[in-house]
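Have a look at the structure below, then the notes.
Taken together, the values in this text are just the output of simple stated rules run on the coordinates, not laboratory data. From a predicted model like this one, the values you see are computed outputs, not experimental measurements. Here the Cβ is made from the backbone with ideal geometry for all residues, glycine too, and neighbour counts use every protein chain on show.
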Amino acid sequence: MSFFYPTSPNDPVLKNISFTAEPGQTVAFIGSTGCGKTSLVQLIPRMYDVSSGRILIDGVDIREYNIHDLRDKIGFIPQKAQLFTGTITENLRFGNPDASMDELMRAADIAQASDFISKRENGFNDMLAEGGSNLSGGQKQRLAIARGIVKNPEIYVFDDSFSALDYSTDLKLRTRLRKEIKDATMLIVAQRIGTIRHADKIIVLDEGRIVGQGTHEELMKNCRIYYDIAASQLSKEELI
């Protein structure tokens with residue numbers, strides 16, 4: 001699969017991309033800024049269409065799906081949380097209007113949002129300002145992740161969605177995700193090695209191409225770009 005923006009047909013953003021992600025797997029993407037990570041995951045819900053090649057879900061070209069049916073399969077959580085004026089409950093139910101309070105509470109618990117919700121004056125009925133401006137960046141991100149969990153999709157796409165979280169919260173959240181959501185496919189774009197090192201498969205992008213693919217341990221041995229990213233973030237003990 002390859003992709004270029006219509007305004008730049010001679011400058012492909014993604015070139016000859018090929019990978020598989022199975023149900024229950026976590027597949028992560030890492031690389032320098034501008035390497036094509038976000039462009040890649042935005043193709044899955046058809047924010048754009050591929051320029052050549054195909055993206056298949058359950059063996060079906062995504063262009064053959066009704067767009068609403070396709071997006072019902074996907075929970076897309078962007079780096080910048082998109083919240084609206086309304087209660088926390090209304091925001092969490094955005095992708096699943098029939099979700100029960102038990103489902104909302106479970107999602108908030110997995111997303112490490114329960115504590116700060118319980119401390120708000122009206123709990124789940126507390127009003128959010130436009131864009132969630134009365135929350136911190138980490139709180140907004142946790143609510144956005146909880147909303148994705150409430151939707152209960154087949155495929156989760158986390159587009160650098162953990163970047164606003166401190167490492168401890170990031171770790172707790174990802175641990176709960178792995179434990180509680182076992183059958184869905186998870187695609188994670190990240191800048192931090194710590195966020196993705198336990199993924200089933202890590203794909204390293206550089207200038208729109210895949211330059212490495214494997215587990216953390218495999219890439220540390222055979223992908224120089226991945227090793228250099230890790231070396232800039234991890235301690236000497238962690239690199240061994």
Starting from the amide H of Gly212, placed 1.01 Å from N in the peptide plane, find each other amide H under 5 Å away whose residue is 5 or more places distant or on another chain.
Val204
Among Glu103, Glu64, Glu207, determine the one that fluctuates most according to a GNM of the chain built with springs between C-alpha atoms less than 10 Å apart.
Glu64
Computed for the chain: size of charge dipole around the Cα centre, +1 on C-beta of each Lys and Arg, -1 on C-beta of each Asp and Glu, debye to nearest 20, value 320
Spacing of the two label points (7 Å from each Cα toward its C-beta) at Ser118 and Glu238, in nm:
3.0
Cross-link pairs beyond the 24 Å C-alpha cut-off, checked among Lys140/Lys201; Lys140/Lys236; Lys15/Lys201; Lys80/Lys151; Lys119/Lys172:
Lys140/Lys201; Lys140/Lys236
Go through region 123-193 and name the trypsin sites (Lys or Arg not before Pro) that are in a DSSP coil and have 13 or fewer other Cβ atoms within 10 Å of their Cβ.
Lys182
Is the C-alpha gyration tensor of region 81-152 telling us rounded, prolate or oblate? Criteria: a/c under 1.5 is rounded; beyond that, a/b larger than b/c is prolate, otherwise oblate.
rounded
Expected 222 nm ellipticity per residue - DSSP helices of 4 or more, -39500 (n - 2.57), all of the chain, to 500:
-9500 deg cm²/dmol
Checked region 1-138 with the C-alpha gyration tensor, a ≥ b ≥ c its square-rooted eigenvalues, rounded below a/c of 1.5, otherwise prolate if a/b is larger than b/c and oblate if not; verdict prolate
